[in-house]
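Okay, structure first, notes after.
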């Protein structure tokens, strides 16, 4: 099914790695947390097992469930020292698309952190829906988060696009009946993203407006 068959009314984004250049911040927070818990992981292990669902990372690291709350606390404390920037061109893309489409965020990030970053980066006003990890009963790749965002926007899935940098993003979008656009970002997710076969794979979010113009 081609995008041109339906008018696009809403564009929804993942946050980390799609609009926010947060991999190094994420990495430092993970390694700080693992070190505090006596887990000897390096960037290599994190790259191998990375998932936007951090509980999968905890399981891969064989972190006992009884330590998950402490791990969350340690990660959050370490991440509070970080101020990741937007990816190149992301602000221009958001401003440009907001002139024509409803915009939304669907992220695995926690609400307090993501909403704070949106405010600090002066982007919050552009997004009519923002669904974070606490907002839906299940997490990516389950369609619940994206379906909740569509409900908040009042849009049908066939009139929407979802843009993300992980295989989980693509799986979630497909399960929700939304067209899935992949974008290469700073996180170690490119191989799995390609294997998920998004409808189109962009080298950068900066390519999105041009792609949408071609498909209109």
* What's the angle, to the nearest 10 degrees (0 to 90), between helix 144-153's Cα axis and the longest principal axis of the chain? -> 40
* In percent, what relative contact order does the chain have, based on Cα pairs under 8 Å that are 6 or more apart in sequence? -> 27
* Structure fact -> Only helices counted: for the chain, with every DSSP H run of 4 or more residues adding -39500 (n - 2.57) and the sum spread over all residues, [θ] at 222 nm is -12500 deg cm²/dmol
* **Helix 23-36 vs. the chain, principal-axis angle (Cα, 0 to 90°, nearest 10)** => 20
* Points 7 angstrom from Cα along the Cβ direction at residue 92 and residue 194: gap in nanometres? -> 2.7
* Structure fact -> Going from the fewest other Cβ atoms within 10 Å to the most, one would list 72, 102 as 72, 102
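Taking the mean number of other Cβ atoms within 10 Å as a proxy for protection, how do you rank 161-168, 87-94, 51-58, 18-25 from highest to lowest? Before the final figure, lay out the partial values.
Values: 161-168: 26.5, 87-94: 17.6, 51-58: 19.8, 18-25: 22.0.
For the peptides 161-168, 87-94, 51-58, 18-25, the packing ranking is 161-168, 18-25, 51-58, 87-94.
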* Once both axes come from the Cα atoms, what is the angle between helix 111-120 and the longest principal axis of the chain, in degrees from 0 to 90, rounded to 10? -> 60
* region 1-128: radius of gyration and largest Cα-Cα distance (Dmax), Å -> 17.0, 54
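Rounded to a whole number of µm²/s, how large is the Stokes-Einstein D of region 35-94 at 10 °C and 1.306 mPa s, given Rh as the Kirkwood radius over C-alpha pairs? Show your work: numbers first, answer last.
On the way: Rh = 13.5 Å.
The Stokes-Einstein estimate is 118 µm²/s.
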* To do: Report the label-to-label distance for residue 24 and residue 137 in nanometres (one decimal), using points 7 Å from each Cα along the Cα→Cβ vector.
  => 4.2
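Rounded to the nearest 5, what % of the DSSP beta bridges within the chain are antiparallel ones? Can you show the working numbers first?
Numbers: 1 of 20 bridges.
For the chain, the DSSP antiparallel bridge percentage is about 5.
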* To do: Before anything else, pin down the relative contact order of region 23-79: Cα pairs under 8 Å, at least 6 apart, normalised by residue count, whole percent.
  => 49
* Structure fact -> Per the chain, sqrt(5λ) over the Cα gyration tensor eigenvalues, sorted largest first, in Å, gives 29, 17, 16
* To do: Would you kindly state how much longer the chain becomes between residue 214 and residue 40 on full extension, computed as 0.36 nm times their sequence separation minus their alpha carbon distance, in nm to one decimal?
  => 57.9 nm
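Every number in this text was worked out from the coordinates using simple rules, so none of it is lab data. No experiment lies behind these values; they were computed from the predicted model shown. Backbone-built Cβ (ideal geometry, glycine too); neighbour counts: all protein chains shown.
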